[in-house]
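Asks: Just passing along the structure, written as structure tokens.
FYI, it's all coordinate maths here, none of it is from the lab. Owing to the predicted nature of the structure, the values given are computational and were not obtained by experimental measurement. So basically every Cβ, Gly included, is an ideal-geometry build from the backbone, and we count neighbours across all protein chains shown.
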Amino acid sequence: MNLGITIIRSRRSIRKYKDEPIRDEIIKEALECASLAPTARNEQPWLFGTVTRLETLKAIAALTDHGKFIADARICFAVFGERDATYYLEDCCAATTQLILALQSHGVGSCWVAGEKKHYAEDVRKLLNVPENYTLVSLLPAGYPEEIKVPPKKDLEDVTFSEVCD
Ligand SMILES: Cc1cc2nc3c(=O)[nH]c(=O)nc-3n(C[C@H](O)[C@H](O)[C@H](O)COP(=O)(O)O)c2cc1C
């Protein structure tokens, strides 16, 4: 079995976490993997933050609408994009995915919590003292899974096509 494929297939959004610390090396490695994502013109227009203080986790959770479980995560990553970069959204989404998969490779679950289009994006930026030229793209609370839900996926044949000719 190919390891990369296994990691991708096993990933699920995790919203309940064990009270178990994540080693610093895993966090550092995941950040490195995020920073290796492809970017338009190789601009790498991002800033990655980590939050572990309970007080700050609670404050972020309180700002969100569908991310209240951030308060119970061991860590919350925050991905910010440079507003002036044309493709910051695509670039930061690619980085978020690599972050998720790097964590998953160590059995650490996470859940993408929307940022960029949310009313709380600015409040999270200010809370974390991130400079104004950045905007929040994603929040990623993480921890060892306490509960794994397996939502259904669309059938592959319904979401793929191969070269439609007349
Ligand atoms: C851009 C984006 C924003 C999301 N925002 C939230 C969110 O605010 N809260 C949440 O609980 N899940 C959020 N999710 C996770 C999705 O709900 C989840 O990926 C989807 O239900 C499929 O489940 P799976 O990740 O386990 O395959 C988000 C996912 C993406 C890609």
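Asks: In whole Å, what three semi-axes, largest first, describe the equivalent ellipsoid of the chain built from its Cα gyration tensor (square root of 5 times each eigenvalue)?
Replies: Working: eigenvalues 128, 95, 51 Å².
Semi-axes from the Cα gyration tensor: 25, 22, 16 Å.
Asks: Quick one: putting +1 on the C-beta of Lys and Arg, -1 on the C-beta of Asp and Glu, what dipole do you get for the stretch 11-147 around its Cα centre, in Debye to the nearest 20? Don't skip to the end; give the middle numbers.
Replies: Values: 17 positive and 20 negative charges, 68 e Å.
Computed about the Cα centre, the dipole is about 320 debye.
Asks: Please list, by residue number, every one of the trypsin sites (Lys or Arg not before Pro) in the stretch 70-142 that is coil in DSSP and has at most 16 other beta-carbon atoms within 10 Å.
Replies: Listed in order of number, the matching sites are 83, 117.
Asks: Given the rule -39500 (n - 2.57) for each run of at least 4 DSSP H residues, summed and divided by the residues of the chain, what is its mean residue ellipticity at 222 nm, to the nearest 500 deg cm²/dmol? Could you put the intermediate results ahead of the total?
Replies: Working: 5 runs with 54 residues, N = 166.
The helix contribution divided over the chain gives -10000 deg cm²/dmol.
Asks: Report the trypsin sites (Lys or Arg not before Pro) located in the stretch 40-69 that are in a DSSP loop and have at most 13 other Cβ atoms inside 10 Å of their Cβ, or state none. Write down the numbers at each step before the final one.
Replies: On the way: sites: 41, 53, 58, 68; in loops: 53.
Passing sites in the stretch 40-69 are 53.
Asks: Counting other beta carbons within 10 Å of each residue's own, what order do 14, 148, 7 fall into, fewest first?
Replies: Details: 14 24, 148 12, 7 17.
Starting with the residue having the fewest Cβ neighbours, the order is 148, 7, 14.
Asks: Shifting gears a bit: What is the sum of charges around residue 40, taking Lys and Arg as +1, Asp and Glu as -1, for the other residues whose C-beta is under 15 Å from the C-beta of residue 40?
Replies: Details: positive: 41, 83; negative: 43, 82, 84, 90, 91.
Result for the neighbourhood of residue 40: -3.
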